[in-house]
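Contents: one structure, followed by commentary.
No lab work stands behind these numbers, since they all come straight from the coordinates. Here the structure is a predicted model, which means the values were calculated and not measured. Glycine also receives a Cβ, built like all others from the backbone with ideal geometry; neighbour counts cover every protein chain displayed.
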Amino acid sequence: MKKILFYTNQFFGQIGGEEFAYTEPFVEEGAKGPATGFMAALPDAQAAATIVCGDNYFAENIDKCKDFIRAQVEKYQPDLFIAGPAFNAGRFGIACGESCKLVQGELGIPAITGMYEENPAVDMFKADCKIVKTAKSAAGMRAAIPDMAALAGKILRGEKLGLPKEENYFPMGKRVNVFHEKNGAVRAVEMLVKKLNGEPYETELEISTYEKVEPAAPLPDLKHAKIALCTSGGIVPFGNPDHLTAASAKFWKKYDLAGMDRLESGKFESVHAGYDPVYANENPNRVAPYNVLKEMEKEGEIGEIYPYLITTTGNSTSVADATRFGKEIAEELKAAGVQGVILTST
Amino acid sequence: MVLELRKVAIRNIEFGSPARIEGDKLIVDPDEMKEWMLEDSRIKDVSFDIALPGTSTRILPVKDVIEPRAKIEGETFPGLFREDMEEGGSGVTYCLDGCVVTTTGPIVGFQEGVIDMSGPAAEYNVYSKLCHLVMILEKQDYVDPHEHEKVVRLAGIKLARKVGELAFACEDYTTETYEWGNIGENYNAYPDLPRVVYVYNCMSQGLLHDSYFYGRDSKIIVPTMLTPLEIFDGALVSGNCVSPGSKTTTYMHQNNACIKELYKHHGKDFNFVGIVLCPLMTSLKEKFRNRMLTVRQVKMLGADGALISQEGFGNPTTDLMIVCQELERNGIKTVIITNEDAGIDGMSESLPDSVPEANAIVTTGNSNATLMLPAMDKTIGVLKDIERVCGGTVNSIQPDGRLLIEIHGIMGGHNLQGNTLVGAVTI
């Protein structure tokens, strides 16, 4: 029989209200609080134990509480971890989210919880575990239990889960590939007919809106500034020693240019699959104009050129990876005392 | 204008002599084909192979896929071989349905991909369901990359046309007839139905990033009106452009899934009144100019709605978005087709550019997702080139012969005329 380990707080664990919010975590064999409701809805499973912990204690002693939960998971070896539901309770929401993240992410055991959509913990943890949508307050327990139990049952039986709206949990925000019955052109024309007729239709991708990057203010004194050259044009030392990919780069690299006045053809090349590399291979400075910067340095127009090339391939690179590269590169350059950056793209 | 497509179904290919079609079997003569190809002195050597659906066969690196089509009067692929070209799209065109010429050989650039005839990658594209006459081409040493691409492109088209001529002797074919009028006739054909225009984006950005319209580089044209019929006749061919997953091969032009689908609804749900070809250029200035010219032509056609298909990804997403935005601002209801680069884990934002008006999107999947492909009994081409192409890495080839690739390494893996069943959902 499959075993479930439960987590709840002082209130639902029937210890008491706010005055017991500093209760240290303890565990009781079997089902306690909402767990009894879940077990009634899951006759094929067994309640291993219920962990109860005060919300304030959890918030102020997260590492200790996680150690406690880890120990219980090791002891009871559950097949599923159910926390909450936390409804709109902020601290309890975080406790449920943190414990599910630990159990599923670190310990590899499926973990689910339930919350109201405005609970801040939803956005914090929806990518880490399945959070079932619930009502705002504990008055919604009667509805939350069957919803969460239905999901729990599917997980325990190893069934394939439906889409978030079918299973009533908050989307993790993860895009996964699926195979449709109709090809993209058929779906596109059907969507167009609906849109033309003013009928409801569902876009297959919700558009993201991006923060606009304001151009930086000009440097007041270029003659004393240290300037670095970065490129997303995939210029690398000939032979591509670090195997930078032609597309979907997962890293950026820094190459020492000390003693060089330009990027020589035959010593550098492009590995970028998003443009015609012939001209960049003939003269890599066309993409990463190190020669011009060095001339300006010699003529005294720029104080100093940072003697490295910072490079990656900006081709099918995900926004998340590109954002991470930007942060890492900025840290590196700030530490090197660089005041300005020329970033070339292709 | 009327075009009759006579489709001869091909379900098998064999080598033999003389070249002919027997039932649904195409028989081709390698010696004869080699002779045709070596007429181009830039080709050092050429050989041929066959890849059939369901077999344990991998073709790599694939440059183009072309459906054999030929005309008794007039010519298919007009403008590619003769100066005195004729407009495509009228008369009778013979098509070898279910069969393609596929070009491979040493790599030209990073944008060449994989076709598996069975296994998980076969689910991602339509190519795995076709019979491939594979041509492996080697260029002379003096031929530079741009000319290499041209040699391979023209060789593939030439072979497709020559093989297509074998259909002339066939009496067993199915017929599809398409008609296309002038703007006024089209406009008035179904006065009570909303009018729809198809915006046909095509990559126009340099080596392995071009398309060819009547044999001319699409970089040097402005957005222009097309007839669907000339597309069926090969007026637009692939310059073997962009990443394999989103590459519009010549086959995908000839069998454009959007045009096919728009015709199906034409006269029932809407009036399909035109196509505007929009070259996707590199600079922002060109993107804005092409937006203006494309939207103007869509408006001149009197459109109420528009469908935009895509090619490539990254900077072309800007073209897709700004054209969509401008069409919507002009009251033209628009649906777009795109793929996504949501990262290997699917957790990133999907698109590199966006406008709020893009509220009706069909997605052909996350191209960053990875797939482990089983080893195949036979590889046609150069397996090791996977390390250099889009979607591959130096770690792609596993010690046991399996292949780890991203979806956009699979030819047509997220085809942007929507000719794939792949899509993506949020979980």
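Structure summary
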item: Average Cα contact separation per residue, chain B, under 8 Å, 6 or more apart, as relative contact order %; result: 19
item: The range B:296-349: GluC sites (Glu not before Pro) in DSSP coil with no more than 14 other Cβ atoms inside 10 Å; result: none
item: Amide H contacts of B:THR420 (H built 1.01 Å from N, under 5 Å, at least 5 apart or other chain); result: A:GLY184, A:ALA185
item: Rounded to whole Å, sorted largest first: equivalent-ellipsoid semi-axes of the range B:1-113, Cα gyration tensor; result: 25, 20, 16
item: Inter-chain shielding of B:336-342 (mean C-beta neighbours from other protein chains, 10 Å cut-off); result: 6
item: Relative contact order (%) - the range A:2-167, alpha-carbon pairs under 8 angstrom, separation at least six; result: 21
item: Ranked list, fewest to most other Cβ atoms within 10 Å of each Cβ, for B:GLU67, A:GLU214, B:GLU39; result: A:GLU214, B:GLU39, B:GLU67
item: Per-residue mean of C-beta atoms belonging to partner chains within 10 Å, peptide B:382-395; result: 3
item: Most to least packed among B:242-255, A:291-304, A:84-97, A:240-253 [average Cβ atoms within 10 Å]; result: B:242-255, A:84-97, A:240-253, A:291-304
item: Förster radius 22 Å - calculated FRET efficiency between B:LYS264 and B:GLU73, Cβ distance, rounded to 0.05; result: 0.20
item: For q = 0.06 Å⁻¹, Debye-computed log10 I/I(0) when each Cα of the protein assembly as shown counts as one equal scatterer; result: -0.45
item: Relative contact order of chain A, defined on C-alpha pairs under 8 angstrom at six or more residues apart (%); result: 13
item: Overall form of the range A:222-344 per C-alpha gyration tensor (a/c, 1.5; a/b vs b/c); result: oblate
item: Prolate/oblate/rounded call for chain A, Cα gyration tensor, a/c under 1.5 rounded; result: prolate
item: Pairwise FRET efficiency - A:ALA217 versus A:ASN283, Cβ, R0 = 45 Å, nearest 0.05; result: 0.90
item: Principal axis dimensions, the range A:153-243 - Cα atoms, whole angstrom, descending; result: 64, 42, 30
item: Calculated from backbone phi, Karplus (6.51, -1.76, 1.60) coupling profile of the range B:251-265 in Hz, x at Gly/Pro; result: 4, 5, 5, 4, 10, 3, 5, 5, 4, 4, 6, 5, 4, 4, 8
item: Note, ³J(HN,Hα) from phi for the range B:386-402, Karplus 6.51, -1.76, 1.60, rounded to Hz, x at Gly and Pro; result: 4, 5, 10, 8, 4, x, x, 9, 5, 9, 5, 7, 7, x, 8, x, 6
item: Listed pairs A:LYS294/B:LYS150; A:LYS3/A:LYS126; A:LYS212/A:LYS267 exceeding 30 Å between Cα atoms; result: A:LYS294/B:LYS150; A:LYS212/A:LYS267
item: Rounded Å value of the spacing that divides the Cα centres of the range A:207-252 and the range B:318-347; result: 25
item: Antiparallel bridge percentage (DSSP; both residues within the range A:3-83; nearest 5); result: 25
item: Under the Karplus curve 6.51 cos²θ - 1.76 cosθ + 1.60, θ = phi - 60°, whole-Hz ³J(HN,Hα) for the range B:25-33, x wherever Gly or Pro sits; result: 10, 9, 10, 10, 9, x, 5, 5, 5
item: Amide H within-cut-off set for B:GLU112, under 5 Å, with H built and near neighbours excluded; result: B:CYS390
item: Residue exposure sequence - B:PHE168, A:PHE12 - by fewest surrounding Cβ within 10 Å; result: B:PHE168, A:PHE12
item: Share antiparallel - DSSP beta bridges, chain A, percent rounded to 5; result: 30
item: Percent of Cα pairs exceeding the 19 Å cut-off, where the set is the range B:63-161; result: 51
item: Simple label model, 7 Å out from Cα along Cβ direction - B:GLU86 to B:ASP192, nm; result: 4.0
item: Protection proxy ranking of A:173-179, A:26-32, B:319-325 - average other beta-carbon atoms within 10 Å, highest first; result: B:319-325, A:173-179, A:26-32
item: Exposure proxy ranking, count of Cβ atoms within 10 Å, fewest first, for B:ASP233, A:ASP256, B:ASP84; result: B:ASP84, A:ASP256, B:ASP233
item: Nonlocal amide H pairs with B:MET347, under 5 Å, H built at 1.01 Å; result: A:ARG175
item: Nearest-0.05 FRET efficiency for A:SER265 and B:GLU171, computed from C-beta distance (R0 51 Å); result: 0.30
item: Anisotropy class of the range B:2-409 from Cα gyration tensor, a/c 1.5 cut; result: oblate
item: For chain A, Cys with no neighbouring Cys Cβ under 4.7 Å; result: A:CYS53, A:CYS65, A:CYS96, A:CYS230
